[in-house]
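The values are calculated or read from the model by the stated rules, or taken from the named source; none is laboratory data. These figures come from a predicted structure and were not determined experimentally. Glycine also receives a Cβ, built like all others from the backbone with ideal geometry; neighbour counts cover every protein chain displayed. In case anyone asks, the SASA skips ligands and DNA or RNA and just uses the protein heavy atoms, side chains included. Shrake-Rupley method; radii C 1.70, N 1.55, O 1.52, S 1.80 Å.
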Amino acid sequence: MNQPGPNPPGAPPRADWYPDPTGRYEYRYFNGVTWTADVSRNGVRSVDTAPMPVPGTSQPASWVTTPAPRRSGKATAALVLGIVALALSWVPFLFVVGGLCGILAIVYGVIARRANPPDPRGFAGVGIVLGAASLVVCALGVFLTVLVMNEVDSFTDPPDHDVEITRCARNGSSVDITGSLTNVDDRSSEYLVFVRTRAGGEMGTAVIDVGRVAAGSTETFTATLRLPGIDPERAAGTETTCVVTHVTGPYPFGVALSP
């Protein structure tokens, strides 16, 4: 009597010899529907005349499968929200969204862990950890947000000042610009002066970095703006103008922006 091989996963129980579920014999024959009285011990077949109670199931125990654990939607939501929260919690301004996602990740994770049956894959626990970590990282997001706002404010709203152009002259296809800036505020600051020029029918804008000017001090600045389209012969006798359009603070983080 050969020991039967395993059934293919998911296949219905086939007629074959299986370990005797009653324990009285070594093997018992299953006819595909129910157990029979045909039994075997040490390769010798016989008929079992005693009643045959089969515990648990009318199918071979080797064929019965355990159902897959039920997936928890809240545990999956906790994991996804935790990942999103950690990705956004350090980003300036978006840290608010990250913090909310972190709180939701913790809430869904706790609900999933208390469910019956509990989350079998551990997604709920990971979501709780990621959500808690994102709330800590939110402090970095707040710091970076304040830093960005200060940089932008310094660029768009520099300290009070007076600026004037003292010389504006065309030199061939270029324009020479000279001026001065006085910081009339009580704090020092760096300044950028934007000067629009017109010469020989051509226009251009010069961005002049004055540098840091102490409170109450005056700094002189000079610049040369090249206007390749100027025809020196045709531009002779025409007016050259230089007008300060606006003054800003330094570029935020050194990145050039339009004022």
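What's the total number of residues in the stretch 190-235 that are in contact with a Pro (Cβ under 8 Å, 6 or more places away or on another chain) and under 13 Å from Val163 (Cβ atoms)?
Going through the stretch 190-235 one residue at a time, the tally reaches 3.
Determine which member of the set Val47, Val64, Val97 is loosely packed, with under 14 Cβ neighbours inside 10 Å and either modelled with pLDDT of 80 or more or acidic (Asp, Glu) (or both).
Val47
Identify the residue in the stretch 213-243 that is in a loop (DSSP other than H, G, I, E, B) and of a type in the set (D, E, K, R) and, among all such residues, is most open to solvent (accessible area, probe 1.4 Å).
Glu239
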